[in-house]
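The values are calculated or read from the model by the stated rules, or taken from the named source; none is laboratory data. Here the structure is a predicted model, which is why all the values come from computation and not from measurement. So basically every Cβ, Gly included, is an ideal-geometry build from the backbone, and we count neighbours across all protein chains shown.
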Amino acid sequence: MVDKARRSAFVCQQCGHAAPRWLGQCPGCGAWSTMVEEALPAPRARGARETRAGAPAPRPLAAVRAGAALRRSTGLAELDRVLGGGLVQGSVVLVGGDPGIGKSTLALQACGALARQGLPVLYVAGEESPEQVRLRADRLGMAEAGVLVVAETAAERVAELIDETRPAAVVVDSIQTLHTSALGSAPGSVGQVRESAALLVACAKASGVACFLVGHVTKEGTLAGPRVLEHLVDTVLYFEGDGAHALRVLRAVKNRFGSTNEVAVFEMGESGLAEVPNPSAAFLAERPAGAPGSAVLATLEGTRPVLVEIQALVSRSGLAMPRRTAIGLDPGRVALLLAVLEKRARLPLHAEDVFLNVAGGLRVDEPAADLAVVAAVASSARGRALAADVAVWGEVGLTGEVRAVGRAEVRLREAARQGFRRCVLPASNARGLAVDGTRAEGVATLEQLFEVLALA
Ligand code: TYD
Ligand code: MG
């Protein structure tokens with residue numbers, strides 16, 4: 001679609017090759033389905049330099065003001081923590097997650113909490129009517145809050161509204177519904193989503209208005225198809241959890257203004273999301289007593305220790321290629337651990353299906369989960385339950401050695417706080433470690449682990 005007023009080109013997202021029309025395969029690098037429509041800058045007279053009125057001049061770094069003054073609390077303490085200590089003015093936060101996970105609820109609650117501090121907020125509803133937003137607000141008990149709501153899907157108009165109303169924060173729900181007249185492609189296409197987001201990012205930076213963009217995750221698990229939005233914005237938060245559970249985890253995967261380690265735990269209830277002050281207790285609430293295949297892991301979510309239950313089911317497979325399913329764990333890591341168990345601990349698993357799950361819908365990515373995975377699998381395979389008062393953590397190496405992991409004391413304290421009497425951890429971490437009433441038992445190999453856990 002080449003149009004004089006509407007200058008755009010199709011640009012390969014991998015190599016940057018530009019073409020005047022859409023192509024299935026990029027002629028530059030040969031990649032398929034990577035051509036995305038992008039707006040081109042307005043043409044300039046030859047030799048003319050771009051000059052902008054009011055463009056910023058360089059100034060000494062020491063004269064640049066930064067810090068607490070530019071941040072403000074959203075009023076939701078857990079959200080603040082994930083954002084790195086509050087919402088930064090002029091920052092753009094992308095909130096991604098599966099449909100129905102609670103993104104709109106979170107966004108509206110954040111609006112309500114900001115409005116209750118007397119700050120003006122604008123809620124741009126692209127998917128729902130203002131009436132529907134009002135119904136949800138009633139359910140969340142925030143009808144009195146001063147939130148401006150508008151149903152709008154034109155990105156240019158949203159930018160105008162931000163300039164007109166000058167809110168403290170704006171929520172765009174969702175970015176996939178926006179479209180810009182700069183491109184000819186259909187709303188929802190990657191080019192439209194990207195250009196609309198770019199327009200709002202520019203608007204947020206210019207006006208100092210903090211902007212939440214809500215985005216649906218596609219089946220491939222990326223936001224809006226390719227990760228094009230992720231590098232446009234300052235902060236990317238993922239809202240996770242499985243629909244069957246009420247627990248939700250909000251995780252920062254990118255943050256220009258803080259650590260990406262922080263997570264917040266919420267519980268979806270009848271009147272919206274409630275912060276969960278004691279996530280360990282929530283994640284262990286339904287732990288079965290005396291069942292084989294269950295191990296409690298003391299993991300770290302950011303700087304915060306959390307106890308979660310790792311469940312394993314090992315059962316005889318009728319398949320030539322036994323199944324390995326891991327929910328909430330890295331499948332590659334699980335395959336490695338099963339191979340180590342088979343080879344170093346002589347636990348025959350080659351004819352067994354192995355299913356692993358992190359109870360409560362949490363994702364655990366740190367190697368410290370290894371020891372709990374191994375313990376849960378061995379417990380299920382041998383049909384012997386672990387003691388109910390033991391928590392484990394540690395990394396497992398390829399020779400079956402147990403390797404040190406960070407922050408053993410923090411984990412031990414959390415286990416003690418939740419009433420666990422014994423912790424099994426890497427021997428090199430256990431030295432000199434003590435918390436009243438909870439024993440730290442160091443293991444250096446898988447054999448020792450199974451001995452200590454009575455699984456040998
Ligand atoms: P929603 O925020 O609409 O999800 P998303 O924007 O991510 O698609 O929330 C969807 C689910 O949350 C929906 O199934 C209803 C449920 N819910 C509650 O359980 N309690 C509540 O107070 C609200 C507002 C929603
Ligand atoms: Mg929604």
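Summary of computed values
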quantity: Matching residues, segment 126-139, being closer than 21 Å to A154 by Cβ and more than 9 Å from ligand 2 (Cβ to nearest atom); calculated: G126, S129, P130, E131, Q132, V133
quantity: Members of segment 99-112 found to be under 19 Å from the mean Cα position of the chain (by Cα) and either more than 8 Å from ligand 1 (Cβ to nearest atom) or among the charged types (D, E, K, R) (or both), listed by number; calculated: K103, Q109, A110
quantity: Qualifying positions in segment 443-456 - more than 15 Å from G400 (Cα to Cα) and not in a loop (DSSP other than H, G, I, E, B); calculated: V452
quantity: Matching residues, segment 101-110, being within 13 Å of ligand 2 (Cβ to nearest atom) and either among the β-branched types (V, I, T) or assigned to a helix (DSSP H, G or I) (or both); calculated: I101, K103, S104, T105, L106, A107, L108, Q109
quantity: Segment 131-147, residues that are more than 28 Å from the chain's Cα centre (by Cα) and closer than 19 Å to S174 by Cβ; calculated: E131
quantity: Count - residues of segment 332-377 that are in a helix (DSSP H, G or I), small (G, A, S) and without any contact (Cβ under 8 Å) to a residue 60 or more places away in the chain; calculated: 3
quantity: Residue within segment 354-375 that is among the aliphatic types (A, V, I, L, M) and over 30 Å from F239 (Cα atoms) present; calculated: no
quantity: Scan of segment 86-100 for residues that are more than 12 Å from ligand 2 (Cβ to nearest atom) and surrounded by 22 or more Cβ atoms within 10 Å (Cβ to Cβ), ordered by number; calculated: L87, V88, S91, V92, V93, L94
quantity: Residue in segment 252-270 that is out of contact with any Lys or Arg (no Cβ under 8 Å at 6 or more places or on another chain) and buried (at least 23 other Cβ atoms within 10 Å of the Cβ) present; calculated: yes
quantity: Filter result for the condition that a residue is loosely packed, with under 15 Cβ neighbours inside 10 Å, of a type in the set (V, I, T) and either within 24 Å of S196 (Cβ to Cβ) or modelled with pLDDT of 85 or more (or both), over V36, V11, V2; calculated: V2
quantity: Positions within segment 409-444 being in contact with a Leu (Cβ under 8 Å, 6 or more places away or on another chain), surrounded by fewer than 18 Cβ atoms within 10 Å (Cβ to Cβ) and within 16 Å of L300 (Cα to Cα), in sequence order; calculated: E409, V410
quantity: Segment 166-191: number of residues that are without any contact (Cβ under 8 Å) to a residue 40 or more places away in the chain and not in a loop (DSSP other than H, G, I, E, B); calculated: 1
quantity: Members of segment 113-158 found to be part of a loop (DSSP other than H, G, I, E, B), more than 14 Å from ligand 1 (Cβ to nearest atom) and over 17 Å from G75 (Cβ atoms), listed by number; calculated: E152, T153
quantity: Of all residues in segment 170-186 being among the hydroxyl-bearing types (S, T, Y) and touching a helix residue (DSSP H, G or I) at 6+ places or on another chain (Cβ under 8 Å), the one that is nearest to ligand 1 (Cβ to nearest atom); calculated: S174
quantity: Residue within segment 65-85 that is part of a helix (DSSP H, G or I), within 16 Å of ligand 2 (Cβ to nearest atom) and within 27 Å of the chain's Cα centre (by Cα) present; calculated: no
quantity: Residue check for L398: out of contact with any Asp or Glu (no Cβ under 7 Å at 6 or more places or on another chain) and surrounded by 20 or more Cβ atoms within 10 Å (Cβ to Cβ); calculated: no
